[in-house]
Amino acid sequence: MKRLQILVKGRVQGVGYRAFVQDKATSLKLYGYVKNMPDGSVFIDVQGDEEKLNLLIDYLKKGPPMSRVDSLDIKPMDILADYTRFSISY
């Protein structure tokens, strides 16, 4: 079990990116949340199996059709959270 915090920059707001992340994370049985940031980026706090996290990262790099991902800033976290599902935070 591993936990990551990921900041996604590019055209990732107003294009269904959060719903895309929630769908992919849920299908991979990952837990955490995704939310829009004031600067136009998207923040993801996610944990689960390392192999599944790597698959999610591959999805995040592509994003949904109308998005454009310029960069992913990925930080491993030392402490696991108490997540029981993956949600969109507002």
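The values are calculated or read from the model by the stated rules, or taken from the named source; none is laboratory data. Since the model is a prediction, treat every value here as computed from it, not as a measurement. Ideal geometry is used to build each Cβ from the backbone, glycine not excepted, and the neighbour counts take in all protein chains shown. These area figures cover heavy atoms from the full protein model, side chains too; ligands, DNA and RNA do not enter into them. Shrake-Rupley method; radii C 1.70, N 1.55, O 1.52, S 1.80 Å.
The slack in the chain from LYS9 to LYS29, taken as 0.36 nm per residue of separation less the alpha-carbon distance, amounts to 4.8 nm. Ligands, DNA and RNA left out, the 1.4 Å accessible surface of the chain is 49% carbon and sulfur atoms.
With a probe of 1.4 Å, find how much accessible area the chain has per residue, and write the answer as a whole number in Å².
The answer is 60 Å² per residue.
Counting only heavy atoms of the protein chains and using a 1.4 Å probe, MET37 has close to 50 Å² of accessible surface.
Normalised by the number of residues in the chain, the mean separation of alpha-carbon contacts (under 8 Å, six or more apart) gives a relative contact order of 47 percent.
Points 7 angstrom from Cα along the Cβ direction at ASN54 and MET77: gap in nanometres? Label at ASN54, label at MET77, 2.2 nm between them. Along the chain, the exposed loop sites are trypsin sites (Lys or Arg not before Pro) outside DSSP states H, G, I, E and B with at most 14 other Cβ atoms within 10 Å, and the longest stretch free of them is 30-84. A 1.4 Å probe, protein heavy atoms only, puts the accessible area of ILE57 near 20 Å².
Across the alpha-carbon atoms of the chain, the computed radius of gyration and Dmax are 11.7, 34 angstrom.
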